[in-house]
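Participant: Handing you this structure, nothing more for now.
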Amino acid sequence: MITVRKLKLTIVGDEETRNQQYKLIRDEQYQQYRALNLCMSLLSTYNILNNWNSGAENKLNSQIEKLNKKVEKNKNDLKKDNLKENRIKKINESIQTLTKEKEKLQQEYLSSSEYRSDIDKKVKEMYIDDLYTVVQSQVNFKSKDMMSLVTQRAKKDFTTALKNGMAKGERSLTNYKRDFPLMTRGERWLKFEYDEDSDDIYINWLHGIRFKVVLGYKKNENSIELRHTLHKVINKEYKICDSSMQFDRNNNLILNLTLDIPLNIKNEHIEGRTLGVDLGIKYPAYVCLSDDTYKRKSIGCAEDFIKFREQIRARRYRLQKQLSMVKGGKGRNKKLQALDRIKDKERNFVKTYNHMISKNVVEFAKNHKCESINLEKLTKYGFPNMILSKWSYYELQNMIEYKAEREGISVKYVDPAYTSQTCSKCGHVDKENRTSQEKFKCIECGFELNADHNAAINIARSNNYVK
Ligand SMILES: [Zn+2]
């Protein structure tokens with residue numbers, strides 16, 4: 001699966017070096033822009049010459065065809081009865097002239113075909129095979145392999161343009177803009193590594209340029225998720241494909257990192273083994289295997305969560321109270337901003353928490369070779385015991401889904417009804433079965449278990465799928 005991640009980069013080094021190296025990248029980008037447009041013009045010229053060539057051929061052919069038809073017509077005229085001597089003579093003369101004319105054209109066709117194929121060859125040599133040399137003489141790249149990247153790209157775009165109707169005149173030539181992203185080779189040019197002392201990620205590029213990856217460049221792009229991806233890049237689990245870099249509106253250097261993420265092999269899974277995930281109140285998530293129910297794990301802890309939320313709520317309450325007392329002006333704006341920040345903080349906490357839970361759930365499933373994961377389908381009202389908001393549960397399930405998908409584990413949704421009231425041993429369903437929030441005791445067979453564990457088993461084994 002091919003995917004592109006945007007990374008903000010800064011060049012490492014003293015100011016002078018950095019300025020030089022930024023300039024090098026900009027210069028290279030400028031050379032590339034010229035080279036691409038030159039390639040495109042050459043390819044287009046070649047295409048026009050080629051068309052002109054076959055146009056001349058077609059013209060001769062149709063002239064010969066017309067003469068053939070005229071001769072045919074004259075021959076038919078001869079077959080008519082009661083033709084006068086004089087008329088017959090005239091027709092025969094005409095046939096002779098036409099035939100001579102035709103032979104002349106045929107001769108021309110033959111002799112020029114050699115010449116045409118020669119042009120074909122020359123044009124092909126000049127414009128296609130030597131495209132590289134022709135363009136290289138016009139531009140000045142610092143990186144050697146840039147020429148082959150450029151010709152490859154131009155040929156590809158040209159072919160696409162032809163297919164999309166350029167030959168029919170429905171589209172004109174591709175025109176590359178001045179800020180066309182600078183192409184870069186993948187694995188060979190982009191060498192990712194961790195800093196020895198910190199968690200920072202660096203990339204060694206060409207010309208001794210060393211980039212630092214600025215994590216959390218975009219607010220909506222989660223830096224934890226990005227870090228996770230880059231970790232796999234450094235571990236060579238993900239392949240780096242040909243990528244590109246550009247400067248954004250604020251002059252930030254952005255790497256469009258193209259990755260080939262392998263879809264993990266299915267046969268590593270134990271057939272039919274499912275992981276049940278109970279999203280609950282004491283533990284945000286409780287997971288258990290469908291076949292080996294002793295293998296289970298609680299993920300996260302409600303206490304951290306409630307504590308954090310209460311702190312946040314207390315702060316918000318204080319701010320709101322202060323707000324009601326200030327009438328306006330600077331003080332009010334400052335307080336409003338502080339309120340916004342609290343909102344962000346709360347959101348970030350939940351998001352980070354959800355990342356942690358989803359990562360653990362999928363890792364558990366992967367380590368125990370599960371074929372699939374069963375989640376409860378969220379109802380209109382959420383879950384009976386909510387610790388997170390409904391929206392946050394959606395987010396959590398989403399995260400589990402995409403992280404599982406990357407491991408080749410499918411995610412299915414089961415009907416949440418009775419999962420906490422059913423005895424996982426005898427199957428008896430009763431409201432009375434659950435004696436407390438934490439404990440499950442079957443009134444039929446006397447089976448006792450942690451309530452979350454019991455629910456997780458039921459979810460893991462459920463085939464009451466809904467979607
Ligand atoms: Zn029972």
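Participant: List the cysteines of the chain that have no other Cys Cβ closer than 4.7 Å: which are they?
Facilitator: 39, 241, 288, 301, 370
Participant: Something else now. Of 370, 342, 355, which is farthest on the positive side of the dipole of the stretch 333-379, counting Cα position, with +1 on Lys and Arg Cβ, -1 on Asp and Glu Cβ, and the Cα centre as origin?
Facilitator: 342
Participant: Another question, if that's okay. Between residue 103 and residue 231, 0.36 nm times their residue separation minus their Cα-Cα distance comes to what? Don't jump to the answer; show the numbers that get you there.
Facilitator: Working: separation 128, 0.36 × 128 = 46.08 nm, distance 7.50 nm.
38.6 nm is the gain from fully extending residue 103 to residue 231.
Participant: For the peptides 399-405, 275-281, what is the packing order when you average, over each peptide's residues, the other Cβ atoms within 10 Å and list the highest mean first?
Facilitator: Numbers: 399-405: 19.3, 275-281: 26.7.
The peptides rank, most packed first, as 275-281, 399-405.
Participant: Would you mind getting the accessible area per residue of the chain, heavy atoms of the protein chains only, 1.4 Å probe, in Å²?
Facilitator: Details: 27980 Å² over 467 residues.
Per residue, the chain has 60 Å² of solvent-accessible surface.
Participant: Let me know the charge dipole size of the stretch 15-166 about its Cα centre in debye, to the nearest 20, where only the beta-carbon of Lys, Arg (+1) and Asp, Glu (-1) is charged. It would help to have the intermediate numbers written out before the result.
Facilitator: On the way: 29 positive and 22 negative charges, 175 e Å.
Here the stretch 15-166 has a charge dipole of around 840 debye.
Participant: Write down the percent of antiparallel bridges among all DSSP beta bridges whose residues are both part of the chain, to the nearest 5.
Facilitator: 85 percent
Participant: Let me ask something else about it. If you fit an axis through the alpha-carbon atoms of helix 15-78 and take the longest principal axis of the Cα set of the chain, what angle between them do you get, 0 to 90°, nearest 10?
Facilitator: 40 degrees
Participant: While we're looking at this one, here's another question. To the nearest 500 deg cm²/dmol, what mean residue ellipticity at 222 nm is calculated for the chain from DSSP H runs of n ≥ 4 alone, each contributing -39,500 (n - 2.57), summed and divided by the residues?
Facilitator: Details: 9 runs with 228 residues, N = 467.
Result for the chain: -17500 deg cm²/dmol, rounded to the nearest 500.
Participant: Considering only 280, 166, 203, whose Cα is most displaced toward the positive end of the charge dipole of the chain, charges sitting on Cβ of Lys, Arg (+1) and Asp, Glu (-1)?
Facilitator: 166
Participant: Can you tell me the orientation of helix 85-123 relative to the chain, as the angle in degrees between its alpha-carbon axis and the longest Cα principal axis, to the nearest 10?
Facilitator: 40 degrees
Participant: Where nothing but the Cβ of Lys and Arg (+1) and of Asp and Glu (-1) is charged, how large is the charge dipole of the stretch 132-245 around its Cα centre, in debye to the nearest 20?
Facilitator: On the way: 21 positive and 15 negative charges, 151 e Å.
Approximately 720 debye in magnitude.
Participant: Would you work out what percent of the accessible area of the chain, with all protein chains in place, is carbon or sulfur (probe 1.4 Å)?
Facilitator: Values: 13450 of 27980 Å².
Percent of accessible area from carbon and sulfur atoms in the chain: 48.
Participant: Further, regarding this structure: Size of the dipole of the chain about the Cα centre, Lys and Arg at +1 and Asp and Glu at -1 on the beta carbon, nothing else charged, in debye to 20?
Facilitator: Values: 87 positive and 63 negative charges, 420 e Å.
Dipole of the chain, to the nearest 20 debye: 2020 debye.
The values are calculated or read from the model by the stated rules, or taken from the named source; none is laboratory data. Here the structure is a predicted model, which is why all the values come from computation and not from measurement. For neighbour counting, all protein chains shown are included, and Cβ atoms are generated from backbone atoms with ideal geometry for every residue, glycine included. Calculation scope for accessible area: heavy atoms of the full protein, side chains included, ligands and nucleic acids excluded. Shrake-Rupley method; radii C 1.70, N 1.55, O 1.52, S 1.80 Å.
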